[in-house]
């Protein structure tokens, strides 16, 4: 599933096409994705201008001129493709392995947005795990998808002091704590593995050990915040990580997968200078965790 850097890359690819434009016509080719689409979905979007396109965790939020917000989530296989008025095609976000023919258009195109300037944005989703919904701006924070979401990992609010306070007394492994969307929204498996490696913290380490008894941060807490934010920023600059289904809005491949230090490298030597460790893979919470048992403590 695309993680925060991939979703942000897609947002940046869609933004210049959508913002300031309007939905001239919307083709809704099925009644549902993961969940049923809102009633009169196409009708309610038609004629609406897009004022802004934001990201919250792994969701895209298109703010419309009538006070509605179009919520979009890519799920596992959701993709957007852009066809500009002159016929040029592109797709925001891409992965290392090219998708098989089953991922092509138009068989799995479920929503097609025809824009006022003649451009078209097509949404395809093979497994239909994506989400689209329409809510009023005032209802957004209380929506089931957003209620209880934690802070954004790139916000200034994420500091060592804040994290230590939240982790104090927690007995869960630190990796599980970081993947809890109620604590920090948008972190996923790949970038948590990479951030923990940068911070030299074992994914099995007790989360509460990153805070003192009084809830103050330690050197490890500071290293973890730096690791989380640096890996996300670098991944966004690289256009995300291209693993399989994910593509940029312009069709180009993300490049951060070439900079993985631990993820997917089980059995290979640790890349930390002076470390003789071998990267191991373990299962945590039904997900693969990759780490170096020598330099991550």
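The values are calculated or read from the model by the stated rules, or taken from the named source; none is laboratory data. What you are looking at is a predicted structure, and each value in this text was computed from that prediction instead of being measured. Here the Cβ is made from the backbone with ideal geometry for all residues, glycine too, and neighbour counts use every protein chain on show.
Can you find a residue that is in a loop (DSSP other than H, G, I, E, B), closer than 21 Å to residue 30 by Cβ, assigned by TED's automatic domain parsing to the domain that holds residue 20 and at pLDDT 95 or above anywhere in segment 130-138? Can you show your working first?
Step one: filter segment 130-138 for residues in a loop (DSSP other than H, G, I, E, B), giving 130.
If we keep only those that are closer than 21 Å to residue 30 by Cβ too, we end up with 130.
Narrowing further to those that are assigned by TED's automatic domain parsing to the domain that holds residue 20: 130.
Retained after the next criterion (residues that are at pLDDT 95 or above): 130.
Within segment 130-138 (the criterion being in a loop (DSSP other than H, G, I, E, B), closer than 21 Å to residue 30 by Cβ, assigned by TED's automatic domain parsing to the domain that holds residue 20 and at pLDDT 95 or above), the answer is yes, since at least one residue qualifies.
For residues in segment 26-49 being surrounded by 15 or more Cβ atoms within 10 Å (Cβ to Cβ) and touching a helix residue (DSSP H, G or I) at 6+ places or on another chain (Cβ under 8 Å), which is nearest to residue 108 (Cα to Cα)?
Only one residue tops the list, namely 28.
Check 247, 233, 261, 255 and return the single one that is within 29 Å of residue 9 (Cα to Cα), modelled with pLDDT under 95 and in contact with a strand residue (DSSP E or B) (Cβ under 6 Å, 6 or more places away or on another chain).
On the way: 233 fails: in contact with a strand residue (DSSP E or B) (Cβ under 6 Å, 6 or more places away or on another chain); 261 fails: in contact with a strand residue (DSSP E or B) (Cβ under 6 Å, 6 or more places away or on another chain); 255 fails: in contact with a strand residue (DSSP E or B) (Cβ under 6 Å, 6 or more places away or on another chain).
Of 247, 233, 261, 255, the one residue that is within 29 Å of residue 9 (Cα to Cα), modelled with pLDDT under 95 and in contact with a strand residue (DSSP E or B) (Cβ under 6 Å, 6 or more places away or on another chain) is 247.
Got at least one residue in segment 190-200 being assigned to a helix (DSSP H, G or I) and modelled with pLDDT under 95?
First, pick out the residues of segment 190-200 that are assigned to a helix (DSSP H, G or I): 190-199.
Now narrow it down to the ones that are modelled with pLDDT under 95: 190-191.
Yes, segment 190-200 contains a residue that is assigned to a helix (DSSP H, G or I) and modelled with pLDDT under 95.
Within segment 158-189, work out how many residues are over 29 Å from residue 274 (Cα atoms) and assigned to a helix (DSSP H, G or I).
9
I need the full set of residues from segment 203-222 which are surrounded by fewer than 19 Cβ atoms within 10 Å (Cβ to Cβ), part of a loop (DSSP other than H, G, I, E, B) and either in contact (Cβ under 8 Å) with a residue 60 or more places away in the chain or within 23 Å of the chain's Cα centre (by Cα) (or both), in order please.
Within segment 203-222, 204, 205 qualify.
I need a count of the residues in segment 1-31 that are touching a residue at least 40 places away in the same chain (Cβ under 8 Å) and not in a loop (DSSP other than H, G, I, E, B). Before the answer, list the steps.
In the first step, residues of segment 1-31 are kept if they are touching a residue at least 40 places away in the same chain (Cβ under 8 Å); the result is 1-14, 17-18, 21-30.
Narrowing further to those that are not in a loop (DSSP other than H, G, I, E, B): 4-14, 17-18, 22-28.
Here the count works out to 20.
Looking at 87, 52, 67, 20, can you tell me which residue is touching a helix residue (DSSP H, G or I) at 6+ places or on another chain (Cβ under 6 Å) and either on the phi > 0 side of the Ramachandran plot or surrounded by fewer than 18 Cβ atoms within 10 Å (Cβ to Cβ) (or both)?
On the way: 87 fails: touching a helix residue (DSSP H, G or I) at 6+ places or on another chain (Cβ under 6 Å); 52 fails: touching a helix residue (DSSP H, G or I) at 6+ places or on another chain (Cβ under 6 Å); 20 fails: touching a helix residue (DSSP H, G or I) at 6+ places or on another chain (Cβ under 6 Å).
On inspection, the qualifying residue turns out to be 67.
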